[in-house]
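Visitor: What follows is a single structure, and I will ask about it in a moment.
The values are calculated or read from the model by the stated rules, or taken from the named source; none is laboratory data. What you are looking at is a predicted structure, and each value in this text was computed from that prediction instead of being measured. Here Cβ is always computed from backbone atoms with ideal geometry, including for glycine, and neighbour counts include all displayed protein chains.
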C-alpha cells in the first residue's frame, strides 16, 4: 500500500482495500488482517470505516477498485504470489512515485516483522525511488543482501546503488555485492564470484524471504547502457539476440528466456532462477518497460509485481 504523506487519505486507501477484500473478494476478517499485515481488530475497523465513509455501495466507490481488480486478474494469469497496482496519473505517465510507494509499503511490512528475515534488494532508478519512500526504522534483527554488483569495470561506483541507502534508513545489517555488475571476461567473473566473501553473499541471497528488483528494458534507452555497465556494441548484440529486458543485469527475451552468451556470460549478479523459487517482486511501469515486464512474467523470472494501472491494462490485452 502506498504511503502518500496524508494520514486521512492513506487510511481511506486502507479502508477501501479492506472493504474490497471483504465485500468483493469474500475474505474473512482474519484473512484481511493477514493480507494487510494488521490485527484482526484493525481489519474490522477498516471494513467499518469503508462503510461509514460510503466507500462501499453496490461496488467499491474508490479509485483503487479497478486497480485491485487488475491485480487479482494478473495474479491468476501469471500465477503470482503478490501483485499490487497503482492508479495511473495521465498527466505524469513517467512518474514511478505511485509504484515506489506501494513497493516501499510492502518492504516496510517485512521490515516491521519481529522475527528475523532476509530481504534481497536490486538496484536502479525505480528501486532508488523505493528506498526514498521508506521511513526511518530500527531493524537490527534483519539482514539486507544485494543481488547485483555495485561498481563498473573501471572501479567507479554505481550511482543507483540502493542497498546502502536502505540500510542507512532502516538501520539493518547489509551484505553488498562488492563486484562489478558485468565483469570484463567470463574468467574474471568466475574468479570474482568464487571469492569467499562473494560466495557468502550469494548464499545469503538464496535464503532471502522477499526480494525487490527493478525490471529494465533492452533498447535504445537501456539502463545498463546509460549507466555505463555495457557498451553500445554489447547493447546492439543483445538486441539482435532478441533481448527485451534485464533484471539485475541478466538479459532475457520476450518469453523470459535468458540470453545465451554475450554479457550474460560476464554478469556477476546473483543467479536469476527460472522459475524463481523465492518471492521476487518486480517493480516497474511505463511503455518502455512493457515488453520487459511481460517477458519477466511469462518466464516466471519474478513471482510478484508492482506496476501502474496503464501497464497492467496493457499486460492483460493479449
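Visitor: Please determine, by comparing only the residues of the range 279-290 that are part of a loop (DSSP other than H, G, I, E, B) and surrounded by fewer than 22 Cβ atoms within 10 Å (Cβ to Cβ), which one is modelled with the lowest pLDDT.
Guide: That would be 286.
Visitor: Then there's this: Could you name every one of the strands (runs of 3 or more DSSP E) located completely within the range 104-221 that has at least 1 residues being modelled with pLDDT under 95 and surrounded by 13 or more Cβ atoms within 10 Å (Cβ to Cβ)?
Guide: Qualifying strands (runs of 3 or more DSSP E): 143-151, 174-180.
Visitor: Moving to a separate point now. If I filter the range 35-53 for residues that are part of a helix (DSSP H, G or I), closer than 30 Å to residue 175 by Cα and at pLDDT 85 or above, do I get at least one hit?
Guide: yes
Visitor: Now, a different point. Across the range 222-238, what is the total count of residues that are part of a helix (DSSP H, G or I) and in contact with a helix residue (DSSP H, G or I) (Cβ under 9 Å, 6 or more places away or on another chain)?
Guide: So the answer is 8.
Residues checked against (1) outside the structural domain of residue 199 (by TED's automatic domain parsing); (2) assigned to a loop (DSSP other than H, G, I, E, B); (3) closer than 22 Å to residue 177 by Cβ; (4) touching a helix residue (DSSP H, G or I) at 6+ places or on another chain (Cβ under 9 Å):
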| site | (1), (2), (3), (4) |
| --- | --- |
| 271 | no, yes, yes, yes |
| 277 | no, yes, yes, yes |
| 292 | no, no, yes, no |
| 297 | no, no, no, yes |
| 300 | no, yes, no, yes |
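Visitor: Condition check: touching a strand residue (DSSP E or B) at 6+ places or on another chain (Cβ under 9 Å), buried (at least 17 other Cβ atoms within 10 Å of the Cβ) and either in the same structural domain as residue 143 (by TED's automatic domain parsing) or closer than 22 Å to residue 134 by Cα (or both). Does residue 242 satisfy that?
Guide: Spelling it out, it is not the case that residue 242 is touching a strand residue (DSSP E or B) at 6+ places or on another chain (Cβ under 9 Å), buried (at least 17 other Cβ atoms within 10 Å of the Cβ) and either in the same structural domain as residue 143 (by TED's automatic domain parsing) or closer than 22 Å to residue 134 by Cα (or both).
Visitor: Can we say residue 97 is within 21 Å of residue 294 (Cβ to Cβ) and out of contact with any helix residue (DSSP H, G or I) (no Cβ under 6 Å at 6 or more places or on another chain)?
Guide: In short, no.
Visitor: Same structure again: Every residue in the range 302-318 that is part of a helix (DSSP H, G or I) and crowded, with 22+ Cβ neighbours inside 10 Å, please.
Guide: Those that are part of a helix (DSSP H, G or I) and crowded, with 22+ Cβ neighbours inside 10 Å: 311, 312.
Visitor: Another question, then. Among the numbered conditions (1) out of contact with any strand residue (DSSP E or B) (no Cβ under 8 Å at 6 or more places or on another chain); (2) under 25 Å from residue 270 (Cα atoms); (3) in contact (Cβ under 8 Å) with a residue 24 or more places away in the chain, tell me where residue 168 comes up short.
Guide: Every condition holds for residue 168 apart from (3).
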